[in-house]
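Engineer: Below you will find the structure I want to go over with you.
The values are calculated or read from the model by the stated rules, or taken from the named source; none is laboratory data. Fair warning: this is a prediction, and the values are worked out from it, not measured in the lab. Every residue, glycine as well, gets a Cβ built from its backbone with ideal geometry; the counts of neighbours run over all protein chains shown.
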Amino acid sequence: MIGRWLSRLRARREQRIVERRTISDALWLETLASLPFVARRSEADLAELRRLSSLFLDEKEFSGAGGLEVTDAIALRIAVQACLPVLHLGLPLYRGFVGIVVHPDEVVAPREVVDDDGVVHQYDEVLSGEAMGGGPLMLSWTDVRDAGESADWAYNVVIHEFAHVIDMADGEADGVPPLANLAERRHWEAVADEAFQSFCHWVDEGRDTTLDPYGASGIDEFFAVAVEAFFVAPDGMRAEHAQLYALFAEYFRQDPAAQPG
């Protein structure tokens, strides 16, 4: 009884937020037109995605860097893509952070690593996005803006970075999202590790792959590039990693490859 009461209370609260954060029809249609991999979803999916986007925009704090003004159009473009992976999971997976910083373009970040001999190496890394535990999350507007076109090569910076957020929701970036029990975790690790080893072998051979070769740098990055491919280039991802695709479809409760082309 208490559970049902809390559920109704949450539903009423969310409805008030959605009404307060109403997304205009014009802006919604403009956003869908820029994201074909979203626009082809069913009417039911799009309605839920619109609702979640309103809730997401209410929870997150956007800030622009480098002189960029984060307009409603920019914020919604990010929200829609961020909410796609949690369309049937809900926003609690994203409750671990609030801030989203949007840069006009890629940024150069200084890095420092210590090798096995204790020698410190400094270098610069070019970033189009970055997710850190507790936030903030950083995105390049250029990459966000071009998501409709970059889907053709299985690239989506928003989904990639929010895949990292999902990965870290259980406290560790290890390529395993929060799961219900140890048995599910062991099954996930077995399927993902087999796919990862095959993928690394293909990359070493120089084979063209649907997934970004960057995924071979670690199991956490493999998870992120696999998730972005799952949502924006599902046919290629399923062809190369059928078992991993099935695992993702079960976890995310979605089958993007089954959507109309």
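Engineer: List pairs: first residue in the range 224-239 and touching a residue at least 12 places away in the same chain (Cβ under 8 Å), second residue surrounded by 24 or more Cβ atoms within 10 Å (Cβ to Cβ) and of a type in the set (S, T, N, Q) anywhere in the structure, Cβ distance under 8 angstrom, at least six positions apart or on different chains.
Structural biologist: E228/N156; F231/N156; V232/N156
Engineer: Restricting the search to the range 62-93, which residues are farther than 13 Å from A163 by Cα and among the β-branched types (V, I, T)?
Structural biologist: Matches in the range 62-93: V70, T71, I74, I78, V80.
Engineer: Given the criterion hydroxyl-bearing (S, T, Y), in contact (Cβ under 8 Å) with a residue 60 or more places away in the chain and in a helix (DSSP H, G or I), identify the matching residue among Y214, Y245, Y251.
Structural biologist: Details: Y214 fails: in contact (Cβ under 8 Å) with a residue 60 or more places away in the chain; Y245 fails: in contact (Cβ under 8 Å) with a residue 60 or more places away in the chain.
None of the others qualify; the one that does is Y251.
Engineer: Right, here's the next one. What are the pairs with Cβ atoms under 7 angstrom where one residue, in the range 43-63, is among the basic types (K, R) and the other, located anywhere, is not in a helix (DSSP H, G or I)? Sequence gap at least six, or different chains.
Structural biologist: R50/I23; K60/V98; K60/I100
Engineer: Only one of (1) buried (at least 17 other Cβ atoms within 10 Å of the Cβ); (2) over 17 Å from the mean Cα position of the chain (by Cα); (3) not hydroxyl-bearing (S, T, Y) fails for A44. Which number is that?
Structural biologist: The single condition A44 does not satisfy is (1).
Engineer: Between D220, D208, which is in a helix (DSSP H, G or I), surrounded by fewer than 20 Cβ atoms within 10 Å (Cβ to Cβ) and either under 16 Å from the mean Cα position of the chain (by Cα) or not hydrophobic (A, V, I, L, M, F, W, C) (or both)?
Structural biologist: On the way: D208 fails: in a helix (DSSP H, G or I).
Testing whether each residue is in a helix (DSSP H, G or I), surrounded by fewer than 20 Cβ atoms within 10 Å (Cβ to Cβ) and either under 16 Å from the mean Cα position of the chain (by Cα) or not hydrophobic (A, V, I, L, M, F, W, C) (or both) leaves just D220.
Engineer: Return the residue satisfying two criteria in turn: it lies in the range 173-187 and is surrounded by 12 or more Cβ atoms within 10 Å (Cβ to Cβ) and part of a loop (DSSP other than H, G, I, E, B), and of such residues it is modelled with the lowest pLDDT.
Structural biologist: Only one residue fits best here, namely A173.
Engineer: Is it fair to say A131 is over 22 Å from T209 (Cβ atoms), modelled with pLDDT under 95 and crowded, with 16+ Cβ neighbours inside 10 Å?
Structural biologist: Working: over 22 Å from T209 (Cβ atoms): yes; modelled with pLDDT under 95: yes; crowded, with 16+ Cβ neighbours inside 10 Å: yes.
Yes, satisfied.
Engineer: Still on this structure: Does the range 63-77 hold any residues that are more than 17 Å from the chain's Cα centre (by Cα) and either of a type outside the set (D, E, K, R) or closer than 16 Å to Y94 by Cα (or both), and which are they? Break it down into steps so the answer makes sense when it comes.
Structural biologist: Going through the range 63-77, the residues more than 17 Å from the chain's Cα centre (by Cα) turn out to be 63-73.
Result: S63, G64, A65, G66, G67, L68, V70, T71, A73.
Engineer: Are there any pairs, at least 6 apart or on different chains, whose C-beta atoms fall under 6 Å, with the first in the range 194-207 and free of Cβ contacts under 8 Å to residues at least 60 places away in the same chain and the second buried (at least 16 other Cβ atoms within 10 Å of the Cβ), and if so, which?
Structural biologist: A195/H241; A195/L244; F196/I219; F196/F222; C200/A216; W202/T209; V203/P213; V203/A216
Engineer: Ok, one more. Please find, among D220, D170, D255, the residue that is at pLDDT below 95 and among the acidic types (D, E). Please lay out each step first, then the result.
Structural biologist: Values: D220 fails: at pLDDT below 95; D255 fails: at pLDDT below 95.
Just one listed residue meets the conditions, D170.
Engineer: Scanning the range 141-172 for residues that are in contact (Cβ under 8 Å) with a residue 60 or more places away in the chain and in a loop (DSSP other than H, G, I, E, B), which turns out surrounded by the most Cβ atoms within 10 Å (Cβ to Cβ)?
Structural biologist: N156
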